[in-house]
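The values are calculated or read from the model by the stated rules, or taken from the named source; none is laboratory data. It should be emphasised that the depicted structure is a prediction, and the values quoted were computed from it without experimental measurement. Here the Cβ positions follow ideal geometry from the backbone for every residue, glycine too, while neighbour counts run over all protein chains shown. These accessible areas exclude ligands, DNA and RNA; they are computed on the full protein's heavy atoms, side chains included. Shrake-Rupley method; radii C 1.70, N 1.55, O 1.52, S 1.80 Å.
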Amino acid sequence: MSKLNIVLFGPPGAGKGTQSEFLIKQYDLVHLSTGDLLRAEIKAETELGLAARELMDQGELVADHIVIGMIRNKMEAFNDAAGFIFDGFPRTEAQAKALDAMLNAKSEPIVAMLSLEVPDEELVKRLLERGKSSGRVDDQDEVTARKRISVYAKETAPLKEYYKAQGKYKAIDGVGSIADITGRLTKALG
Ligand code: AMP
């Protein structure tokens, strides 16, 4: 059976992590979040974690080769998965191309790029709210929240065109109850 490889796309605070939790259960997928993987490296105080920390705290992107390498390792470790849900990756065109190359080599391409669409002011509100409980440095203040949203707009949002050109881009309204949004994602996956 062909694999259900999905890119769950959207700005910081769009609900990618929350919705991934549902999708992995529903479709038996493996969740690959580069943000989670990087935070685990920081917690374990690895060299990679130390190198990434400052950039993450400031809302800047970590170097492409670092996140591509992490994704490659995880995909190899979960070779038998029914599919992957990529969350927070790819964030640049170089990452999208590297992901396509890895998946196409196995004839297991991305089947859909689901893009959660949420207005900027709602994102800022959600990020600051999350910051109260998550302990994430990058969610603590409005300046960093806005910085991450602007990095997304500049570096990452153009990937919509990349996936549109492949006929895989699907915009999903990311405002509403968690259950409503889950319903929209499920419907988009057919
Ligand atoms: P996230 O949890 O997806 O919001 O990611 C938190 C931070 O980790 C981002 O602001 C970046 O600094 C870094 N990061 C996560 N994923 C990537 C990626 N694919 N490319 C570059 N940096 C990333």
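Suppose the filter is charged (D, E, K, R) and either open to solvent by less than 60 Å² (accessible area, probe 1.4 Å) or closer than 16 Å to GLU155 by Cα (or both); does ASP87 pass it?
On the way: charged (D, E, K, R): yes; either open to solvent by less than 60 Å² (accessible area, probe 1.4 Å) or closer than 16 Å to GLU155 by Cα (or both): yes.
It is true that ASP87 is charged (D, E, K, R) and either open to solvent by less than 60 Å² (accessible area, probe 1.4 Å) or closer than 16 Å to GLU155 by Cα (or both).
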*Among the residues of segment 45-61 satisfying the criterion of being small (Gly, Ala, Ser) and either touching a residue at least 24 places away in the same chain (Cβ under 8 Å) or open to solvent by 50 Å² or more (accessible area, probe 1.4 Å) (or both), which is farthest from ALA145 (Cα to Cα)?*
ALA51
*Could you run through segment 142-167 and say how many residues are over 16 Å from the mean Cα position of the chain (by Cα) and away from the ligand (no atom under 14 Å from the Cβ)?*
6
_Given (1) in a loop (DSSP other than H, G, I, E, B); (2) more than 9 Å from the ligand (Cβ to nearest atom); (3) crowded, with 20+ Cβ neighbours inside 10 Å, identify the lone condition not met by SER20._
(1)
*For VAL124, work out the one condition from (1) loosely packed, with under 14 Cβ neighbours inside 10 Å; (2) touching an Asp or Glu at 6+ places or on another chain (Cβ under 7 Å); (3) of a type outside the set (D, E, K, R) it doesn't fulfil.*
(1)
_For SER2: the one exception among (1) more than 10 Å from the ligand (Cβ to nearest atom); (2) surrounded by 14 or more Cβ atoms within 10 Å (Cβ to Cβ)_ = (2)
*Quick one: what pairs do we get from segment 70-93, first residue under 19 Å from LEU189 (Cα atoms), second open to solvent by 80 Å² or more (accessible area, probe 1.4 Å) and more than 14 Å from the ligand (Cβ to nearest atom), C-beta under 9 Å, 6+ apart or different chains?*
ALA81/ASP28; ALA82/MET1; ALA82/ASP28; GLY83/SER2; GLY83/ASP28; PHE84/PHE78
*Within segment 23-38, can you find the residues that are surrounded by fewer than 17 Cβ atoms within 10 Å (Cβ to Cβ) and within 11 Å of the ligand (Cβ to nearest atom)?*
ASP36
*Going by the structure shown, is ASP100 acidic (Asp, Glu) and in contact with a strand residue (DSSP E or B) (Cβ under 9 Å, 6 or more places away or on another chain)?*
yes
